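A short write-up of the structure that comes next.
The values are calculated or read from the model by the stated rules, or taken from the named source; none is laboratory data. Fair warning: this is a prediction, and the values are worked out from it, not measured in the lab. These accessible areas exclude ligands, DNA and RNA; they are computed on the full protein's heavy atoms, side chains included. Shrake-Rupley method; radii C 1.70, N 1.55, O 1.52, S 1.80 Å.
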Amino acid sequence: MTAEEFKLDEQQWKALCMIEEECKLDSSYIRKFYKIYCTIDNDESGSVSIGEFMAHFDVYPTDFGRRVFSIMDADLSGQLDFVEFIGSVFNYCSYDSRQLLKYAFDLFDNDESGILDLEEV
């Protein structure tokens, strides 16, 4: 694997290598998800916008959908780079039931207060 293969800058490459090592991901797994990522990146910009994300999954942009996207968008750039994408997918797929419950809670806790207000439910 090389940074050029995934069109990553040095910082993103280091982050991907860290994810690969810490999560014990096989490079073939990473390549498969890169192919999926590229199908979502319609304009081939190297990042996925919320519009591309919603269009790929054929869903109408809602507050809930924007919240899901924002949780994946670790740097809050409004775009998902490949490192954010694979990190989010791996985390979600490897969560146990307790972690999935926390993830679901966080999706609704828009103000990140740790408490669900009536407006958030």
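Could you work out how far helix 97-108 tilts from the main Cα principal axis of the chain, as a 0 to 90 degree angle to the nearest 10?
On a 0 to 90 degree scale, this one is about 70.
With a 1.4 Å probe and all protein chains left in place, how much accessible area per residue does the chain have, in Å²?
On the way: 8050 Å² over 121 residues.
That works out to 67 Å² per residue.
Return one number: the angle in degrees, 0 to 90 and rounded to the nearest 10, between the long axis of the Cα atoms of helix 10-22 and the longest principal axis of the Cα atoms of the chain.
With both axes taken from Cα atoms, the answer is about 80 degrees.
For the chain, what relative contact order do you get, as a whole percent, if you take Cα pairs closer than 8 Å and at least 6 residues apart?
Values: 79 pairs, mean separation 23.1, N = 121.
Reported as a whole number, the value is 19 percent.
Mind jotting down a quarter of the surface of the convex hull over the alpha carbons of the chain, in square nanometres, one decimal? Each step should come with its number before you reach the end.
Details: hull surface 32.9 nm².
Spelled out: convex hull of the Cα atoms, projected over all directions, averaged, 8.2 nm².
Cα centroids of the range 73-121 and the range 1-15: how far apart, whole angstrom?
The range 73-121 and the range 1-15 have Cα centres separated by 24 Å.
Once neighbouring chains are kept in place and the probe is 1.4 Å, which whole percent of the accessible area of the chain is contributed by carbon and sulfur?
56
Per 5 Å bin, what is the whole-percent P(r) computed from every C-alpha pair distance within the range 1-49?
5, 20, 28, 28, 15, 4, 0
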